[in-house]
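Q: Right, I'll just put the structure down here and ask away after.
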Amino acid sequence: MSSSHRMTRRRSIRATLLWVLVPAGSVFMVAAWVVHEVLLERMTRQFVEQRLRDEAAFLERRVRTVGAEGDADAIAPGAYFQEVFHHAFALRVGERVIKGPERWHEALDALLNHDATGLIAPGTLPGEGAGDLVALRRVIDRGDDTTVIVVAQDLASLRASQQSFHWWTAAVFGALLVLLALAIWLAVRLSLRSVDQLGQALAELRDGRRERLDVASPHEFHPLIEQINQLLDSLDQRLQRSREALANLSHSLKTPITAVQHVLEEHDRPLDEATRHQLAERLGSTLSQLEAEMRRSRFAGAQAGKSACPVSQTRDLIWMLERLYPDRELVLATELDEEARWPIEEQDFNEVLGNLLDNGAKWARNLVRVEVAQTTDWLEVRVSDDGPGVAPDQRDALGTRGVLLDEQTSGHGLGLAIVREVTQRYGGGVRFQVAELGGLGVVVWLPRVVQL
């Protein structure tokens, strides 16, 4: 059988609970009814036996009292015993026998002549109706004569009343079973309402009508909802990182490829050995940037043990941008040693400074100045240009992904956003201000202790 057929045959939680709880409640009610019958039978038997003992004791006291006074005729099957006793009874005082009622005379005679004393169970005596009698027989030895006392109870009427009561109890239990089934159905429905809401929320999530699961649910479902929301957050973050990585890669490769293309298309300048070497280095740097972007999809932050040479890498980038913008002058001002290193990956430093230089050269009229300074704990890079600058009310929008302040200028609004993201990943930051040259000034700082 295929898995699809097995899935269609599976019961829902609601059906499973009903199929379990309702029969369990029915079994419980039937068991309670059976136990009720057993207990009722036992209580009736104990009640009858106790009444027989009480009446036999009363009759014994009566016999002793009347006998002591010598008035044996006072003991007669007449008014007194008919008013006091509701059971069959029999007395034999010497040769005198008193018994009643008449329809049980045969059974009472058998009881008087019986050898046993105490309780006599039904079904052990001959005679009509004897099977329905439970009796108590006592023998009193008074010296000159012997008195036998027998009291008996007809169980037929009691059993009829007991059976009627038992069936009435069955009717009550049946009604309670119906109410119990309704209560179970209502409890299951109310308990699983949150499951229906969760299913509806998942359907809305699938159709794009909601972004996260925020339905009210029992405490037991909270971990499940949190895990689903965390999974959705993780997927969104991965998708966002993939899109940003693709945009970063496209933006990172555009500038060096354009510069190389520009050099190759210059027909009036010979391609000497030094230029070939520079182009090879630029292509190698581009390949390294490609590898870094692919690695960044797996890591968030710096790779331990890696460092960059800010001064030498800045000179290489200036050389490349001068080929791309031959009418701009790019100047480096620094007091650092050429071989000074800083804990940042070379590709990340190239990406930060390359975007800043490209942005400055794109907007500058004539001059772009780069300043690289270092303290014990921080590396600071300043890039300023003599361009038109940015209005104070627009500076907050700089570094926002996809924001391009001048739609007439080519670009995608990603360069400064990449700068901000990379510096923040290293625990640094970026600030935009008015440059001394009159245009935009960008200050980037990076810590020595990388905060992963």
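Since every read-out is calculated from the coordinates, none of them should be taken as a lab result. Quantities reported herein were computed from a predicted structural model and do not represent experimental measurements. Cβ placement follows ideal geometry from the backbone for every residue including glycine, while neighbour counts extend to all protein chains displayed.
Q: Hey, with R₀ at 56 Å, roughly what FRET efficiency would Ser194 and Thr376 work out to, going by the Cβ-Cβ distance, to 0.05?
A: Computed FRET efficiency for Ser194 and Thr376: 0.45.
Q: Name the shape class, rounded, prolate or oblate, that the alpha-carbon gyration tensor gives for region 300-390, where a ≥ b ≥ c are the square roots of its eigenvalues, rounded holds for a/c under 1.5, and otherwise prolate holds if a/b is larger than b/c and oblate otherwise.
A: Numbers: a/c = 1.95, a/b = 1.79, b/c = 1.09.
In terms of gyration-tensor shape, prolate.
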